[in-house]
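Notes for the one structure printed next.
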Amino acid sequence: MAFTLYTLLQTAILCTNAIAVLHEERFLSKFGWGVDHGVGGFGDDPGIKAQILTLIRSVRTVMRVPLIIVNSACIVLLLLFG
Amino acid sequence: MDYTATQSGFRQRKLQPNMRLRTNLVDGSEGSQLFEDTSGAASGPQTGYSNQQPGPQAAGFPGQSILSDPMSNLAMAYGSSLASQGREMVDKNLDRFIPISKLKYYFAVDTVYVGKKLGLLVFPYMHENWEVSYQQDTPVAPRIDVNAPDLYIPAMGFITYILVAGLALGTQNKFSPELLGVQASSALVWLIMEVLAVLLSLYLVTVNTDLTTIDLLAFSGYKYVGMIVGVVAGLLFGRPAYYLSLLWCCVAIFVFMIRTLRLKLLSEAAAEGRLVRGARNQLRMYLTMSIAGAQPIFMYWLTYHLIR
């Protein structure tokens, strides 16, 4: 119940890490969520599954480098200050 | 001298189009109307803001003879021009991160609007027309239309909620000043998570809506009014009064959110009440219901520990 902004930041980093590690070929294809399953509808209604896949792919592409930086900073800070 | 003249001229030319852009964003005559004081008092804050800078400086110094010395006059003029340039630079850079002109729209309220809106939040059953009126493609300022969202009530409600929470914890002998900060950051975190969840679900359902993030923040902040009413009733009259008033406010905010979001999220036909089949409309209806249903849950979650 006693949430602070620091826990919000931690949650955000952990969730973004979790989304970024979902590998397409090794993992998502086994569930039918791979690259070929996403782009189905070309109408004005892509559907929820296509939106989720687009979201996962865009998080992976956009946040790859910032996540490396943020994770390294977190590791260093946790090692130094516990 | 010549170099500084051209330099200041160049900076002036760079800054002037920016200022023109900002007043265009507030829409010219609409900008002065945005902050026109409809309660009949003195002139609004926008015209006062630009006059503030030369005003006190001219008024403060005429009687002092030590400053009639030309050297200190020059220094004062230079200092004031430096200060105004610094302020313009800060404003320009701040405007890049926080859209201040858009925020100004949400605070253009007056007492009549606040009164009507608070009444709507507690008793939305008699109000018939929930549409926001537009004026040349931009939504009308809140002071003119009672259906427009604003940020004044959510901001004041949040601060009042923190103070009332401190009061309630004090009656349980659990108060300490750090607890106020803990309450504030908890409520803020829940608010941010709720707005992010709503944004995510709006993205997933691909709703074409003109709801901005600030609109969602405003709608999520309206529940603080109900929470305050419930907690104050509980403090004054005991637990049954707390539960009764919270129940009333929960139902009221549920109806308020459904009626407001219906016009923004659902398609035209479904919003008018006709039954429209189709998976997408059903999904949008579920989305509206769940956003409205999350409000009472948060209201209870954030106040139950205050009334023990």
Step by step: first the residues of the range A:1-33, then only those that are of a type in the set (Phe, Trp, Tyr) and surrounded by 15 or more Cβ atoms within 10 Å (Cβ to Cβ), then the one that is farthest from the other protein chains (Cβ to nearest Cβ). Which residue is that?
A:Trp33
Which residue pairs have Cβ atoms closer than 8 Å, lie 6 or more positions apart in sequence or on different chains, and pair a first residue in the range A:6-20 that is charged (D, E, K, R) with a second residue that is in a helix (DSSP H, G or I) and surrounded by 13 or more Cβ atoms within 10 Å (Cβ to Cβ)?
none
Output for the range B:238-254, where each listed residue is of a type in the set (A, V, I, L, M) and surrounded by fewer than 16 Cβ atoms within 10 Å (Cβ to Cβ)
B:Leu244, B:Leu247, B:Val251
Would it be correct to say that B:Leu202 is surrounded by 15 or more Cβ atoms within 10 Å (Cβ to Cβ), farther than 30 Å from A:Leu55 by Cα and within 14 Å of chain A (Cβ to nearest Cβ)?
no
Test: B:Val207 is within 14 Å of chain A (Cβ to nearest Cβ), surrounded by fewer than 19 Cβ atoms within 10 Å (Cβ to Cβ) and more than 21 Å from the chain's Cα centre (by Cα)
yes
Test each condition in (1) surrounded by fewer than 15 Cβ atoms within 10 Å (Cβ to Cβ); (2) modelled with pLDDT of 90 or more; (3) polar (S, T, N, Q) for B:Thr213 and report the one that comes out false.
(2)
Charged (D, E, K, R), surrounded by fewer than 19 Cβ atoms within 10 Å (Cβ to Cβ), more than 17 Å from the chain's Cα centre (by Cα) and within 14 Å of chain A (Cβ to nearest Cβ) - does that describe any residue in the range B:166-175?
yes
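In chain A, which helices (runs of 4 or more DSSP H) lie fully inside it and hold 3 or more residues that are modelled with pLDDT of 80 or more and under 19 Å from the mean Cα position of the chain (by Cα)? Walk me through how you get there before you give the answer.
Values: elements: A:5-20, A:35-38, A:48-81.
The helices (runs of 4 or more DSSP H) meeting that bar are A:5-20, A:48-81.
Condition check ((1) in contact with a Leu (Cβ under 6 Å, 6 or more places away or on another chain); (2) under 25 Å from B:Val140 (Cβ atoms); (3) outside any helix (DSSP H, G or I)) across all residues:
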{"position": "B:Ala218", "(1), (2), (3)": "yes, yes, no"}
{"position": "B:Ile228", "(1), (2), (3)": "no, no, no"}
{"position": "B:Leu236", "(1), (2), (3)": "no, no, no"}
{"position": "B:Phe254", "(1), (2), (3)": "no, no, no"}
{"position": "B:Met257", "(1), (2), (3)": "no, yes, no"}
{"position": "B:Leu287", "(1), (2), (3)": "no, no, no"}
{"position": "B:Ile307", "(1), (2), (3)": "no, no, yes"}
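Condition test on B:Val114, is it assigned to a loop (DSSP other than H, G, I, E, B), closer than 23 Å to B:Tyr222 by Cβ and under 17 Å from the mean Cα position of the chain (by Cα)?
Numbers: assigned to a loop (DSSP other than H, G, I, E, B): no; closer than 23 Å to B:Tyr222 by Cβ: yes; under 17 Å from the mean Cα position of the chain (by Cα): yes.
When the stated conditions are applied, B:Val114 does not pass them.
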Find the residue count for the range B:176-199, including only residues that are within 20 Å of the chain's Cα centre (by Cα) and away from every other protein chain (no Cβ under 14 Å).
1
Can you give me the number of residues within the range B:265-285 that are assigned to a loop (DSSP other than H, G, I, E, B) and modelled with pLDDT of 85 or more?
0
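The values are calculated or read from the model by the stated rules, or taken from the named source; none is laboratory data. All values reported here derive from a predicted model rather than from experimental measurement. Ideal geometry is used to build each Cβ from the backbone, glycine not excepted, and the neighbour counts take in all protein chains shown.
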